[in-house]
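The next block holds one structure in the form of structure tokens; read it before the comments.
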Amino acid sequence: MAQQREQAADDALPTRIGQLVMLHHAGDREEARDRLLGLWAELGEEGDPLHRCTLAHYLARTQTDPSDELAWDLRALTAADSCGEPRSAALRALYPSLHLSLAGDYVKLGRPGAARGQLTRARAASAALGGAADDGHAVGVRAALMRLDREVAGLPGDDGNSDDGEGGGHGRPGGEPLGPPRTGS
């Protein structure tokens, strides 16, 4: 019985996340962020990695500070990477968007080298999106990739990170240290 309740809660989480994303899109960023943070606390570190990835990815969108946005996007990537192999089609389809979000974060933070590295990863991961012209997610990600690619191409020089975005070859893409993301965001 307890296992059935836990499974029902896991099945309902994507719906709950979707409802809060709609709240954010309707213009209530702060309320959406607060409720998403409540779900994050409810899910916990042992929660389903795909759910943690999705939740962190949307939490990033609700942040007002670019550094906080980056921290949440790194949480999303960490959760996705923790799924191991073989990855589900749903998770593989998230990677282009995750890397695209990180590239955008690095642009906002004035780190064009790290942004370029993430754009390279987003392009490589976009093969998982398939070629269907009627797939709104795939079309949206590819369009955003092209827009950000043009924006980054117009940015000056490098920010001290290698073009692969590794920041000297240690830590997370863009030079962030490995380990738990910073708290308090």
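Out of the residues in the stretch 85-96 that are open to solvent by 20 Å² or more (accessible area, probe 1.4 Å) and under 13 Å from Leu129 (Cα atoms), which is modelled with the highest pLDDT? Of everything passing the filter in the stretch 85-96, Tyr95 is modelled with the highest pLDDT.
For the stretch 11-47, filtered to residues that are over 20 Å from the mean Cα position of the chain (by Cα) and either among the hydroxyl-bearing types (Ser, Thr, Tyr) or within 25 Å of Gly84 (Cβ to Cβ) (or both), the residue that is modelled with the lowest pLDDT is Asp11.
How many of the residues making up the stretch 122-144 are open to solvent by 60 Å² or more (accessible area, probe 1.4 Å) and either outside any helix (DSSP H, G or I) or of a type in the set (Lys, Arg) (or both)?
Within the stretch 122-144, the subset open to solvent by 60 Å² or more (accessible area, probe 1.4 Å) is 123-124, 127, 131, 133-134, 137, 139, 142.
Filter once more, so that each one left must be either outside any helix (DSSP H, G or I) or of a type in the set (Lys, Arg) (or both): 123, 131, 133-134, 142.
Residues in the stretch 122-144 being open to solvent by 60 Å² or more (accessible area, probe 1.4 Å) and either outside any helix (DSSP H, G or I) or of a type in the set (Lys, Arg) (or both): 5 in total.
Among the conditions (1) among the acidic types (Asp, Glu); (2) open to solvent by less than 50 Å² (accessible area, probe 1.4 Å); (3) out of contact with any Leu (no Cβ under 8 Å at 6 or more places or on another chain); (4) modelled with pLDDT of 85 or more, Glu151 misses just one, which is (2). Ser101 fulfils the conditions (1) in contact with an Asp or Glu (Cβ under 6 Å, 6 or more places away or on another chain); (2) surrounded by fewer than 17 Cβ atoms within 10 Å (Cβ to Cβ); (3) not basic (Lys, Arg) except for a single criterion, (2).
Of all the criteria given as (1) touching a residue at least 12 places away in the same chain (Cβ under 8 Å); (2) within 17 Å of the chain's Cα centre (by Cα), the one not satisfied by Asp81 is (1).
Within the stretch 66-94, the set of residues being assigned to a helix (DSSP H, G or I) and among the small types (Gly, Ala, Ser) comprises Ser67, Ala71, Ala76, Ala79, Ala80, Ala89, Ala90, Ala93. The residues of the stretch 73-83 that are open to solvent by less than 30 Å² (accessible area, probe 1.4 Å) and more than 22 Å from Leu148 (Cα to Cα), listed by number, are Ala79, Ala80. Residues that are out of contact with any helix residue (DSSP H, G or I) (no Cβ under 7 Å at 6 or more places or on another chain), closer than 21 Å to Ala143 by Cα, touching a residue at least 40 places away in the same chain (Cβ under 8 Å) and β-branched (Val, Ile, Thr) are absent from the stretch 85-107. In a residue-by-residue description of the stretch 48-63, the property of being over 21 Å from Leu100 (Cα atoms), within 15 Å of the chain's Cα centre (by Cα) and modelled with pLDDT under 95 applies to no position.
The values are calculated or read from the model by the stated rules, or taken from the named source; none is laboratory data. No experiment lies behind these values; they were computed from the predicted model shown. Positions of Cβ are generated from backbone atoms using ideal geometry, with glycine treated the same way; all protein chains shown enter the neighbour counts. Ligands, DNA and RNA are excluded from the accessible area calculation, which covers all protein heavy atoms including side chains. Shrake-Rupley method; radii C 1.70, N 1.55, O 1.52, S 1.80 Å.
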